[in-house]
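Since the structure comes first, as structure tokens, the remarks are kept for the end.
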Amino acid sequence: MTDPSASIGLVIRHGRDDDPVADAVVRAIASPLLAAGMRFVTRSVTDEEAELGTYRLWARAGGIAGVVLLGVGEQDARIRLLRQIEMPFVALAPASIEVDYPAVTVDATAASTALTAFLDTHHSSRCVYVTGQQHPEPFGGDAVAGDRAIEVVQTDDVVGESVRIGVSASEDAPLTLVLDSDHDADLILGALEERGVRVPEAVALICWSDSLVCQSASRPITAIDRRGREIGTELGLAAIAAIHGEPFGSVAAPAPVVVIRETT
């Protein structure tokens with residue numbers, strides 16, 4: 001029997017700790033663990049080798065009853081290692097891969113599906129997704145919402161380019177801007193209003209991931225709730241089941257939803 005006061009471990013690689021969805025997932029994992037009288041231990045590392053080394057250390061030192069894995073892929077080295085050292089685990093996995101271990105699976109296209117369905121009912125003549133990512137997450141280079149194409153603009157100056165595009169819009173031909181970052185969306189909102197652009201009449205703003213920044217902006221920003229809290233809770237419950245040897249296959253994460261606020 002596993003000690004109920006034992007810990008569940010989570011290793012976070014640099015680069016994931018500033019993602020609002022990942023942050024919501026991590027915070028939510030703790031709730032069912034604490035309710036069960038368990039501890040939640042997190043460690044930040046730079047790369048895969050450091051992550052694997054952490055699991056080996058935890059296995060030798062004891063006290064960690066099981067771990068949660070984020071962002072697993074096919075032929076994942078972490079899964080092979082954890083099986084070798086007989087460390088129970090649960091994973092957050094893409095729905096596109098087959099899993100034969102405890103997992104919460106996420107459909108990578110679900111958020112863009114929710115967004116395009118919303119855009120298809122939203123009154124705008126043009127939709128532009130402005131991103132600083134080299135490989136844009138939601139749409140890639142080609143997307144359609146209803147009968148309208150979604151333009152993808154990749155730039156190192158997301159705020160400046162978004163404001164430039166927004167200033168050229170008018171209420172006769174309204175524009176929708178989709179942004180990755182909540183902080184960028186907040187800055188763009190302020191800059192557009194300073195320039196006399198009416199939001200949402202001329203320019204609507206949608207953030208790709210909901211957050212406290214979106215909720216508490218001077219005008220709350222419409223955003224996609226990618227269900228990080230629910231995903232984290234499922235992972236925590238699955239981790240408890242895994243360390244007690246209880247059956248747990250895979251469950252699908254709940255579908256994202258567009259939370260409509262004052263910017264649309």
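The values are calculated or read from the model by the stated rules, or taken from the named source; none is laboratory data. Model, not experiment: these values are computed from the prediction. Every residue, glycine as well, gets a Cβ built from its backbone with ideal geometry; the counts of neighbours run over all protein chains shown.
Observations
- Unique match (being free of Cβ contacts under 8 Å to residues at least 24 places away in the same chain and surrounded by fewer than 21 Cβ atoms within 10 Å (Cβ to Cβ)) among Gly196, Gly190: Gly196
- Scanning region 96-108 for residues that are of a type in the set (S, T, N, Q) and surrounded by 13 or more Cβ atoms within 10 Å (Cβ to Cβ) returns a single hit, Thr105.
- Some residue of region 198-215 being modelled with pLDDT under 95, part of a loop (DSSP other than H, G, I, E, B), under 25 Å from the mean Cα position of the chain (by Cα) and more than 26 Å from Glu151 (Cα to Cα): no
- Region 203-221, residues that are of a type in the set (Val, Ile, Thr) and within 16 Å of Glu193 (Cβ to Cβ): Val203, Ile221
- Any hit, region 161-177, residues being assigned to a loop (DSSP other than H, G, I, E, B), farther than 23 Å from Pro20 by Cα and in contact (Cβ under 8 Å) with a residue 40 or more places away in the chain: yes
- From Asp23, Asp47, residue being touching a residue at least 24 places away in the same chain (Cβ under 8 Å) and surrounded by 14 or more Cβ atoms within 10 Å (Cβ to Cβ): Asp23
- Test: residue in region 72-89 that is within 20 Å of the chain's Cα centre (by Cα) and part of a strand (DSSP E or B): no
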